[in-house]
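Down below is the structure, laid out as structure tokens.
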Amino acid sequence: MAATSATTRPEGALARILAADPSRQAYLLLRTAFTVAPIVFGLDKFANVLTDWTHYLAPVIDRIVPGTATQAMWAVGVVEIVAGVVVALRPRWGGLLVAAWLAGIILNLLLLGGYYDVALRDFGLLAAALALSRLAVAYDRDAAGPISR
């Protein structure tokens, strides 16, 4: 009876699929990131552990929305948490929701001024959220479209 080494041991079906399909790896990475990050950042809108989020609210936006800047950030937090949950449950639509939300954040940062680097970073995240939505067409069982692979 020959011993099986770690390099010749058969992998599980999931490991084989992931190893053979880099686009599925990208989909799972994006889905995980766009589930966790919005929920964490949304919760922090209530705790202000990472930063005082009201500093990122453009005064023109603050004047338009009812209530205080803190209350506006609480509403932002709720939207972000919902967006993360939608990505987890329906990544095709969640990716679009996150992309639209990031477009709003970019507009706010451009109106605020001085945060052009953050706006550019958020544009990259917006592109990644759109990529998630497109990849979900192939990999999400609930997406309208064929499951390939």
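Please treat every number below as a calculation from the coordinates, not as lab data. Keep in mind the model is a prediction, meaning the values are calculated, not measured. Here Cβ is always computed from backbone atoms with ideal geometry, including for glycine, and neighbour counts include all displayed protein chains.
How far is the Cα center of segment 77-131 from the Cα center of segment 32-48, in Å?
12 Å
If the chain between residue 127 and residue 26 were fully stretched, how many nm would it gain, using 0.36 nm times the residue separation less the Cα-Cα distance?
Working: separation 101, 0.36 × 101 = 36.36 nm, distance 1.34 nm.
Taking residue 127 through residue 26 to full extension adds about 35.0 nm, to one decimal.
Using Cα pairs closer than 8 Å and at least 6 residues apart in sequence, work out the relative contact order for segment 55-119, in percent.
Computed value for segment 55-119: 35 percent relative contact order.
What's the angle, to the nearest 10 degrees (0 to 90), between helix 91-112's Cα axis and the longest principal axis of the chain?
For helix 91-112, the angle is close to 30 degrees.
Need one number: nm distance between label points at residue 40 and residue 141, each 7 Å from Cα along Cα→Cβ, rounded to one decimal.
According to this spin-label approximation, the distance is 2.8 nm.
Full extension from residue 82 to residue 48: what is 0.36 nm times the residue separation minus their Cα-Cα distance, to one decimal in nm?
Full extension of this stretch gives 10.4 nm more.
Tell me the angle of helix 69-89 to the major Cα principal axis of the chain, expressed in degrees between 0 and 90 and rounded to the nearest ten.
The two axes meet at around 20 degrees.
For the chain, what D do you get in µm² per second when you plug the Kirkwood radius from alpha-carbon pairs into Stokes-Einstein at 25 °C and 0.890 mPa s? Each step should come with its number before you reach the end.
Details: Rh = 17.2 Å.
Translational diffusion coefficient: 142 µm²/s.
Taking Cα pairs under 8 Å and at least six residues apart, what relative contact order does segment 27-139 come out at, in percent?
Numbers: 136 pairs, mean separation 37.1, N = 113.
After rounding, I find 33 percent.
Please determine, in degrees from 0 to 90 and to the nearest 10, the orientation of helix 22-47 with respect to the longest principal axis defined by the Cα atoms of the chain, where the helix direction is its Cα long axis.
The answer is roughly 30 degrees.
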